[in-house]
1. Can you find, within region 201-224, the residue that is farthest from the ligand (Cβ to nearest atom) among those that are of a type in the set (S, T, Y) and modelled with pLDDT of 95 or more?
2. Is there a residue being open to solvent by 50 Å² or more (accessible area, probe 1.4 Å), within 14 Å of the ligand (Cβ to nearest atom) and under 24 Å from Y19 (Cβ atoms) anywhere in region 57-65?
3. Hey, any hits in region 236-245 for a residue that's among the polar types (S, T, N, Q), touching a Gly at 6+ places or on another chain (Cβ under 7 Å) and under 24 Å from Y65 (Cβ atoms)?
4. Among the residues in region 150-163, are any in a loop (DSSP other than H, G, I, E, B) and touching a residue at least 24 places away in the same chain (Cβ under 8 Å)?
5. Kindly indicate the residue of region 198-248 that is in a loop (DSSP other than H, G, I, E, B) and β-branched (V, I, T) and also most open to solvent (accessible area, probe 1.4 Å) among those meeting that condition.
6. Among the listed residues F26, F78, identify the single one that is open to solvent by less than 10 Å² (accessible area, probe 1.4 Å), among the aromatic types (F, W, Y) and under 14 Å from the mean Cα position of the chain (by Cα).
7. Which of the residues that make up region 152-179 are open to solvent by less than 10 Å² (accessible area, probe 1.4 Å) and within 12 Å of the ligand (Cβ to nearest atom)?
8. What number of residues within region 164-189 are more than 20 Å from the chain's Cα centre (by Cα) and either touching a residue at least 24 places away in the same chain (Cβ under 8 Å) or in a helix (DSSP H, G or I) (or both)?
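The values are calculated or read from the model by the stated rules, or taken from the named source; none is laboratory data. From a predicted model like this one, the values you see are computed outputs, not experimental measurements. So basically every Cβ, Gly included, is an ideal-geometry build from the backbone, and we count neighbours across all protein chains shown. The accessibility values were calculated without ligands, DNA or RNA, using every heavy atom of the protein model including side chains. Shrake-Rupley method; radii C 1.70, N 1.55, O 1.52, S 1.80 Å.
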Amino acid sequence: MKRVLSGVQPTSEIHLGNYIGAIKRFVELQNEMDCFFCVVDMHSITIPQDPKNLYENSLKLAALYMAVGIDPSKATIFLQSQVPAHAELAWYLQCNTYIGELNRMTQFKDKSQGKEVVTTGLYTYPVLMAADILLYDTHYVPVGEDQKQHLELCRDIAIRFNKKFGETFIIPEPLIAKFGARIMSLDDPTKKMSKSNENKYSKINLLDSPSKIKKSIMKAVTDSESEIRYDVKNKPGVSNLMTIYSVLTKTSLEDIEKRYEGQGYGTFKKDLVEIVISSLEPIQKKYKEIIESGEVEKVLKEGAEKAKEVSHKILTDVKKKMGFVIF
Ligand code: TYM
């Protein structure tokens, strides 16, 4: 069976972009493949984290994974920091990655821009991500479009390692959806929806209240026309809202255009508010139940055991190939 691995950082709340671009697709994949879904807590400390928030957000994200429908009896859910092999492999891979390659990473450029201090962890972040993936003999990595460059680097590192030390890693393929892989910010549809945007109305978080969802959508930037038409270049705001509508209701763009012909943005937005609220409601309900049941820690413990078992095999192979003494 083919294997899938992906991860999400437990930094602040998880938004609709994370859901549509990644997590929603995890749920679909768990029935077809052997899936590992990681809470990448070690990635999140590449920028300063309040320890209490990190702790809570890590458990919250694991609960959200389950609330959206990832079933721990089908897929392995675990915390990255509970499997030391990730940090260990990241070091071996760092010694086979070039500074020039990391210098080209656009996400590092964006995240470090204008910062007074930048950690080396933020710089080597993509190598830890490569370790996450390569440790599990991963075939497919479902991610949003913003992770494409990191995936390419991961493949380059794996190919180079295999050439130098002999066949070791499977070369993973990114699974980037043709549609919805880049959900845009509601306050500026030329930028991606992002956890770090300080304007709370720029995004919809999965645990947002109906009134916050309503306000965010009603305030969403559109354009001076009134036609509901998918045209990313000229109508990025409306096109982004149509994408969300389409993914959540499985309605084609043409059908949405037809449905709202001759109607203004107001009606369309009001309907979208209802769609988003009713799509998130069952997730929020399930989330509350999971948190109250206290089952998250048990799932994470079992997940870590399974992840350790699988990753140990690959890590040992890497170490042998590189010449480390293993007793
Ligand atoms: P992170 O935590 O920033 O985002 C989690 C996932 O959400 C996707 N995403 C989006 N998709 C569509 N529209 C958006 N606006 C949007 N914003 C975010 C991301 O592409 C991602 O799939 N480096 C990764 C985490 C990671 C990882 C891994 C992923 C660490 N190790 C191994 C896959 C495999 C990240 O920062 O994701």
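1. Of everything passing the filter in region 201-224, S211 is farthest from the ligand (Cβ to nearest atom).
2. Checking region 57-65: at least one residue is open to solvent by 50 Å² or more (accessible area, probe 1.4 Å), within 14 Å of the ligand (Cβ to nearest atom) and under 24 Å from Y19 (Cβ atoms).
3. yes
4. No, region 150-163 has no match at all.
5. Going through the qualifying residues, I end up with V232.
6. None of the others qualify; the one that does is F26.
7. Matches in region 152-179: L153, C154, P172.
8. Qualifying residue count, region 164-189: 8.
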